Amino acid sequence: MATMDHPDPGPGKLRPPRDSGTLTLKDLLDLIESALAALPDLPLEPAALRDALALERTRDPAHGDFATNVALRLAKPARRKPRDLATAIVAALPASDIIERTEVAGPGFINFHLSPHAYAGELARVLEEGPRYGAVPASGEPDRHEPTVVEFVSANPTGPLHVGHGRQAALGDALAALLQSQGHAVQREYYYNDAGVQIHNLALAVQARVRGLKPGDTGWPENAYAGEYIQELAADFMAGKKEHTQDGGEVRASADVDDLDGIRRFAVACLRNEQDLDLQKFGVKFDVYYLESSLYADGKVEATVNGLVASGKTFEQDGALWLRTTDYGDDKDRVVRKSDGTYTYFVPDVAYHVTKWERGFHRAINVQGTDHHGTVARVRAGLQALDMGIPAQYPDYVLHNMVKVMRGGEEVKISKRAGSYVTVRDLVDWVGRDAVRFFLVMRQPNSEFTFDVDLARSRSEENPVYYVQYAHARVSSVFRQLRDKGMTHAREVGARNLHRLTAPHERALLRRITQYPEVLTTAARLLEPHQLAHYLTELASEFHTYYNAHTFLVDDAELRSARLNLVTATRQVIANGLGILGVSAPETM
RNA sequence: GCGCCCGUAGCUCAGUUGGAUAGAGCAUCGGAUUUCUACUCCGAGGGUCGCAGGUUCGAAUCCUGCCGGGCGCACCA
């Protein structure tokens, strides 16, 4: 599972929401529902019938386009044999021009073979809606528009972004786009830990470097950052450089060794700017940077502590204030206020999530590394203790594993302590933004990922990004050829002649294209962008197969236009899907 | 030790939240090009779904136990 404890979709969610998916999918569901309602002797409530109704894509084309197992699910409560029930349901199906034929198969499945008419309708929709195809229109079920905040990256401004942050950036941005495609109002947010110990350690490290110390020397501060970039910061600081800040101001390095506060402000401004450059290069843009320091300034931290104390769930022990988080499923109680009077980081963390809720985001998704999964129970427990009506499973988490980088058959070590590690910028420089983006979202987040730099660089079919992008470029190439040959493509002519696309390759491609809206819905519901990446490679594969087996630019103008409609739709879906993943769709390779 | 996650073809991984004969790419082997880009395509072999039980019409999928690996178990963040 890539996600933890996201809300149970509940019974009935097996059926896709009404306002998503293809038109034909919704029509089919309606037809089956009517059939069930028409069966006289089913001793079942309508709600139970709805819950049992699931429609799924068939794996084997011989089984048609869609199949349902309602008869299998209802057989027992109805006290009837599955196949008999299935036969009765089929007999009760209203006539429809989207169904070519229906059959009862296996233990009691009902298979639906769609008519060419159904496909023609869906293909027309792709061409008509263009870049919007697959996205849910802005009028549907209210819960689908629930304002959602997606928090990701949230790296401390204490060094460059490494590959793990890259995975988070790629994942978080794709997730946000996926949710937007489903009609949610999404905010991309970056939580900035600018008030903690880490920043202090950063300042100490720069100061030590300014004094000429190196990691390991006597006098080198404990927990100070060892990276090369610290030395650069120290040099810039002593050179009296100016650095602009995010709020439009400017920080000038004082070049004063004892000016620890000045060192801190200068270093943070520099590193923050570096991170922004990385993210910009990666094509990720945040709507909001939420500063930890503002939580203190606005009294949110204090208010949270007061709220926790008021809850009666706190206690004093060994001079510290504790919260009984074990009451809410945590494995041990947590310190809120240390015996030295300062708060643990857990407090601003809870305060931050309170603001998410109070800002109207009743759905929150946090993208984090699995190494931080211990915080999940804590934050939720803190929110529960406040008793603000926040659901127990708030927020959702998408946890991702670490990334190994292989280059030239060897692992490139990632070690912040050692001071050398692969940064997002390194990767983008080596293989390009598109490859980094695609690679980092093409696998399930929750397993270790090995980034093969050589594969990502290769211009061959082995490289999945290249393979998908090439399919897109290839369609564009076909249209260049069309012009060169002085041929024409008329969409209306093509639309009228879609019945001529009868080759197995064409049927397969049609099937795949029209599946796209369902893929988006599923990927968004499960918070799994890799499903989209996987789909795109399959779509590209089917396109390449088709391309190789058939010439599109034939003399027969009707067939030609029909085929060009099909490949235009293919290109559109590839472009739309890549767009959600933050990958470009080039006209030429 | 406790908690969370992972274990599917030689390798990298999918598997539509319990369905039909477990799929794809790479690698291996065998084929295809006077062609809209061979930057491609077609075919073949390859499996104890970590192991053992359980749940049921039906399990890679859900439950229990074990084996192996990752991560986490601070008055650090």
Most to least packed among A:121-131, A:310-320 [average Cβ atoms within 10 Å]
A:121-131, A:310-320
Most to least packed among A:363-371, A:92-100, A:520-528 [average Cβ atoms within 10 Å]:
A:520-528, A:363-371, A:92-100
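So which GluC sites (Glu not before Pro) in segment A:528-568 are both in a DSSP loop and have at most 13 other Cβ atoms within 10 Å of their Cβ?
Passing both the DSSP loop test and the Cβ count: no residue.
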Kindly write out, for segment A:286-291 in residue order, the coupling ³J(HN,Hα) from the Karplus curve 6.51 cos²θ - 1.76 cosθ + 1.60 (θ = phi - 60°), rounded to whole Hz, with x marking Gly and Pro.
9, 7, 9, 9, 9, 8
Show me the trypsin sites (Lys or Arg not before Pro) within segment A:194-265 that DSSP assigns to loop and that have at most 15 other Cβ atoms within 10 Å of their Cβ.
A:Arg211, A:Lys241
So in segment A:289-419, what percent of DSSP beta bridges are antiparallel if you round to the nearest 5?
70
For segment A:46-115, what ratio Rg/Rh do Cα atoms give with a Kirkwood hydrodynamic radius?
0.96
Over what distance in Å are the Cα centres of segment A:359-388 and segment A:479-509 separated?
52
So which of A:Lys300/A:Lys332; A:Lys214/A:Lys241; A:Lys285/A:Lys404; A:Lys281/A:Lys338 end up more than 29 Å apart, counting from Cα to Cα?
A:Lys281/A:Lys338
With just the Cα atoms defining each centre, how far is segment A:98-128 from segment A:66-82? Give it in Å.
21
Using the basic label-point model (7 angstrom from Cα toward the beta carbon), what is the A:Lys285 to A:Lys76 distance in nanometres?
5.3
Using 1/(1 + (r/R0)^6) with R0 = 45 angstrom and r between the beta carbons of A:Leu127 and A:Gln231, what's the FRET efficiency to the nearest 0.05?
0.20
Would you mind calculating the relative contact order of segment A:287-362 from Cα pairs under 8 angstrom and at least 6 residues apart, reporting the percent as a whole number?
26
Taking the highest mean first, how do the peptides A:482-488, A:372-378, A:103-109, A:174-180 order by number of other beta carbon atoms within 10 angstrom per residue?
A:174-180, A:103-109, A:372-378, A:482-488
If I take every Cα pair under 8 Å that is 6 or more residues apart in segment A:36-126, average their sequence separation and divide by the length, what percent do I get for the relative contact order?
26
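Please report the antiparallel percentage of DSSP beta bridges with both residues in chain A, rounded to the nearest 5.
Of those bridges, close to 60 percent are antiparallel.
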Normalised contact order of chain A, rounded percent, pairs of Cα under 8 Å and 6 or more residues apart:
16
Going residue by residue through segment A:166-179, the Karplus relation 6.51 cos²θ - 1.76 cosθ + 1.60 with θ = phi - 60° gives ³J(HN,Hα) values, rounded to whole Hz and with x marking Gly or Pro, of x, 4, 5, 5, 5, 5, x, 5, 5, 4, 4, 5, 4, 5
Assuming R0 = 51 Å, what is the FRET efficiency of A:Ala185 and A:Thr218, from their Cβ-Cβ distance, to the nearest 0.05?
0.40
Over what distance in Å are the Cα centres of segment A:142-221 and segment A:329-351 separated?
21
Normalise the Cα radius of gyration of chain A by 2.2 N^0.38 Å (N = residues in it) and let me know the number.
1.14
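The numbers here are math on the coordinates, done by the rules we state, and not lab data. The structure presented is a predicted model; accordingly, all values stated were derived computationally and were not measured. Every residue, glycine as well, gets a Cβ built from its backbone with ideal geometry; the counts of neighbours run over all protein chains shown.
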